[in-house]
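Reading through the structure tokens given below for one structure.
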Amino acid sequence: MTLRIAAALNGDSFDAADWISAAREADEALLDFITFDDAFGRRGPDAVLVASRVAPLTRHVGLVPVATTTHTEPFHLSTALATLDWVSHGRAGWQVRVSADPAEADLLGRRAPLGFDDLFTEAADAVEVVRRLWDSWEDDAIIKDVATGRFVDRDKLHYVDFAGEHFTVKGPSIVPRPPQGQPVIAALTHQARVWERLDVDVYFVTPSDVDSAATIVRQLPARKKVFADIVVFLDADQETAIRRRGATTSDAAVFAGTPAQLAGLIAGWEPSGIAGVRLRPGAPTDLTAITRDLVPVLRERGLFEPSTATTLRERLGLPVAVNRYSPEAANA
Amino acid sequence: MPKQIILAAHFPGVNNTTVWSDPRSGSQIEFASFEHLARTAERGKFDFFFLAEGLRLREQRGLIHDLDVVGRPDTLTVLAALAAVTTHLGLAGTLNATFHEPYELARQLATLDHLSGGRAAWNVVTSHGPFFGENFRRGGFLDHADRYTRAGEFIEVARKLWDSDAGEFQHTGEQFDIKGRFGVPRSPQGRPVVLQAGDSAQGRDLAARLADAIFSRHHHLEDAQRFYRDVKDRLPAYGRDRDSLKIIPGVSYVLGDTDADAQEKAHYIRRQQVTPQTAVLLLEQLWNRDLSSYDPEGPLPAVDPVLDEADTIIKGRAGMFPDRLKTANEWRAIAEAKKLSIRDLVIEVTGRQNFIGTADRVASLLDEYVQTDACDGFILVPHLTPAGLDDFVDQVVPLLQERGVFRSEYSASTLRGNLGLA
Ligand SMILES: Cc1cc2nc3c(=O)[nH]c(=O)nc-3n(C[C@H](O)[C@H](O)[C@H](O)COP(=O)(O)O)c2cc1C
């Protein structure tokens with residue numbers, strides 16, 4: 001079985017050239033997707049805009065920015081991500097994050113921080129609203145019917161009429177349904193109770209070895225795609241990598257060694273049932289080591305086969321997103 | 001040296017100016033359309049590309065409006081992508097101060113300014129009623145005056161954040177009580193360019209106080225000159241000089257081989273823009289009542305408009321008629337004098353192209369407007385997506401350059417620099 005390979009970009013550069021070169025490296029190595037880290041209050045650019053900035057300059061790689069549901073309007077999230085999908089021709093994803101940090105709440109000043117339970121109820125609602133808005137236009141809503149003078153068939157546009165505990169959203173979206181129908185939604189998760197609530201397609205998880213990876217995969221619904229996060233320090237000789245790793249600690253496993261050793265570790269985790277790995281470069285040079293040195297080894301060992309699918313959904317083996325408001329959905 | 005003309009390219013909007021029925025008309029949402037118009041504008045050395053915004057699909061008579069182009073991208077996301085396919089063109093987006101938050105929007109605009117090398121601009125709008133609010137947490141939460149209070153404080157806070165150079169900020173005011181670390185270092189323009197597009201006295205004052213430019217809808221020569229004086233006269237009270245605020249109306253044009261040819265084309269485009277169905281809907285916007293039973297080829301309604309500005313028949317679009325009864329009577333008089341049907345009358349009185357003629361004539365009219373202080377430049381609104389400005393860039397821009405009133409090369413790398421703003 002081949003795995004899907006992703007990389008996490010966590011840079012804080014404001015220079016477009018840095019992002020372009022990182023994204024192009026990943027694109028040329030035919031990685032499946034890259035994620036763009038973000039949080040309010042950090043020093044760093046807005047991740048959705050960075051992803052969009054590199055979209056026209058890449059052809060293959062999926063673009064998955066982090067965006068937080070706690071403070072951003074679900075309506076804006078939905079339209080921004082739909083637009084990223086249009087701009088990238090179906091390569092967009094979204095890594096959902098919540099914020100429990102009072103300092104982040106102060107930046108917005110709109111309300112006190114929510115407790116853990118409310119945060120996730122609200123995030124689940126935001127995901128639901130975002131998904132409904134993406135479906136609020138049927139794919140064939142635009143008719144351009146000169147005889148009747150109608151540009152759209154308004155029966156194929158749908159109010160989403162969402163009413164939750166924390167907000168209501170009327171809809172429909174102002175953006176036509178994006179190319180993937182439903183861009184890919186992902187979440188990093190360390191705890192089972194989070195998994196149950198969010199309607200996401202991809203989980204980033206942090207196993208320490210193949211057994212813990214297998215346990216996590218078993219706990220999750222079979223149709224979800226599980227990616228194991230690994231922080232990587234890659235060098236031609238293991239000593240250099242270990243020296244660079246130093247005392248690095250992380251929520252994820254931290255690897256230091258050669259590309260061949262990392263390929264060995266990934267091969268060892270493969271039987272756990274993970275869909276792939278998301279490699280978090282320990283330093284910017286580690287991205288280059290991933291794309292130039294690791295990827296050829298993985299390909300040689302049959303652990304990675306670049307995808308020929310053009311959309312991120314398809315590449316991850318996610319089913320075609322049937323529009324919940326369409327006649328097909330009603331008949332299903 | 002004569003005054004230099006500012007030029008901007010408006011992506012065709014979701015209203016009946018945009019002709020979608022033409023065989024040449026392309027997608028309103030594919031990125032290729034945005035790229036085409038932006039590249040065309042940059043080829044023509046335009047100052048900036050411009051996107052409008054509406055945070056809910058328009059409705060009329062309680063139904064989603066289906067006769068015009070519907071659907072557009074998120075403003076900031078598409079501008080960030082356009083930064084990848086242009087190098088000097090300013091990237092201006094309309095963003096609502098009522099349904100965004102200062103920290104988040106200031107961060108996004110500063111990010112765009114960094115990622116574009118100093119080309120970001122924000123057209124501040126406040127929205128016109130509670131209609132958009134149903135898509136947001138707070139609902140329709142402010143009335144007209146408070147929306148401007150919020151917009152003013154919003155811009156002030158955004159400036160504070162932009163000036164903080166990634167550092168600590170604190171703001172306590174009527175609308176916002178926020179603090180923390182901004183996290184974005186000073187962007188290439190320092191402050192992204194701010195445009196304002198409200199026409200009320202509060203809107204004009206806000207512009208005089210805080211904006212770098214106004215997107216206006218005053219485009220008849222004398223009316224535009226009056227507006228220009230009105231706004232520029234407000235500047236000294238805020239300690240600003242007359243050149244520090246640019247007035248840029250949105251205008252349309254039609255080019256022809258002869259003036260008569262251009263007039264003929266203009267008439268043909270007007271008929272495409274005002275279909276029989278659209279004619280009735282546009283009339284309803286003035287009459288503010290259901291006229292769906294009226295024949296577009298028949299006479300105007302004998303009943304009077306409904307004068308209820310709190311509950312207008314159209315939602316999601318700025319009001320165009322300060323005095324409905326007066327305008328209705330004017331329209332009736334024109335229809336009677338010229339024996340016009342509803343459709344012909346609407347073609348006659350709404351949205352006629354502003355500049356019609358040979359390239360030479362259009363170039364000289366544009367120049368006259370700017371030199372006689374009707375405006376400082378133009379936001380050109382083409383009627384076709386995405387190639388609607390091709391002829392202007394090919395034919396009119398060279399003539400403006402020959403006249404010495406428009407640049408042949410960009411003189412600065414930032415939008416602020418090209419606009420000649422401090
Ligand atoms: C030329 C022009 C363009 C405008 N464009 C937009 C727009 O794209 N989106 C929007 O929400 N409002 C738009 N508006 C609405 C105004 O910004 C403003 O919110 C509204 O007109 C109410 O303010 P006022 O009473 O001062 O005019 C526009 C207004 C004008 C005059």
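The values are calculated or read from the model by the stated rules, or taken from the named source; none is laboratory data. Computed from a prediction, not measured in an experiment: that's the story for all the values here. All Cβ positions, even for glycine, are placed from backbone atoms using ideal geometry, and neighbour counts span all protein chains on display. Ligands, DNA and RNA are stripped out before the accessible areas are found, and what is left, the full protein with its side chains, is counted by its heavy atoms. Shrake-Rupley method; radii C 1.70, N 1.55, O 1.52, S 1.80 Å.
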Residue that is near the ligand (Cβ under 9 Å from one of its atoms) and surrounded by fewer than 22 Cβ atoms within 10 Å (Cβ to Cβ), where the choices are B:ASP199, B:ASP230, B:ASP205, B:ASP223:
B:ASP199
Which condition breaks for A:ARG42 when tested against (1) open to solvent by 10 Å² or more (accessible area, probe 1.4 Å); (2) more than 7 Å from every other protein chain (Cβ to nearest Cβ)?
(2)
Which pairs do you get when a residue that is in contact (Cβ under 8 Å) with a residue 24 or more places away in the chain, found in the stretch B:166-188, comes within reach of a residue that is part of a strand (DSSP E or B) and of a type in the set (Phe, Trp, Tyr), reach meaning Cβ atoms under 9 angstrom, with the pair 6+ apart or on two chains?
B:ILE178/B:PHE169; B:GLY180/B:PHE169; B:PHE182/B:PHE169
Could you tell me whether B:VAL124 is open to solvent by less than 20 Å² (accessible area, probe 1.4 Å), more than 16 Å from the ligand (Cβ to nearest atom) and not assigned by TED's automatic domain parsing to the domain that holds B:ALA318?
no
For B:ASP163, state whether it is over 21 Å from the mean Cα position of the chain (by Cα) and farther than 19 Å from B:TYR238 by Cβ.
no
Taking only the stretch B:233-254 into account, find how many residues are among the small types (Gly, Ala, Ser) and crowded, with 22+ Cβ neighbours inside 10 Å.
1
Note: among B:LEU89, B:LEU55, just one is of a type outside the set (S, T, N, Q), at negative phi and within 15 Å of the ligand (Cβ to nearest atom), namely B:LEU55
List the strands (runs of 3 or more DSSP E) that sit entirely inside the stretch A:211-281 and contain at least 2 residues that are under 17 Å from the mean Cα position of the chain (by Cα) and surrounded by 13 or more Cβ atoms within 10 Å (Cβ to Cβ).
A:225-234, A:276-281
Some residue of the stretch B:235-255 being under 19 Å from B:PRO382 (Cα atoms), in a helix (DSSP H, G or I), in contact (Cβ under 8 Å) with a residue 40 or more places away in the chain and more than 16 Å from the ligand (Cβ to nearest atom):
no
Looking at the structure I just gave you, is B:PHE154 assigned by TED's automatic domain parsing to the domain that holds B:LEU89, closer than 30 Å to A:THR69 by Cβ and within 16 Å of the ligand (Cβ to nearest atom)?
yes
Odd one out for B:ARG352 among (1) in contact (Cβ under 8 Å) with a residue 12 or more places away in the chain; (2) part of a helix (DSSP H, G or I); (3) basic (Lys, Arg)
(2)
Residues to consider are A:ALA141, A:ALA105, A:ALA123; find the one that is farther than 30 Å from B:PRO23 by Cα, within 11 Å of chain B (Cβ to nearest Cβ) and among the aliphatic types (A, V, I, L, M).
A:ALA105
Is it the case that the stretch A:207-223 has a residue that's within 14 Å of chain B (Cβ to nearest Cβ) and under 15 Å from A:ARG313 (Cα atoms)?
no
Within the stretch B:8-41, can you find the residues that are away from the ligand (no atom under 16 Å from the Cβ), open to solvent by less than 30 Å² (accessible area, probe 1.4 Å) and under 20 Å from B:ARG416 (Cα atoms)?
B:ALA38, B:ALA41
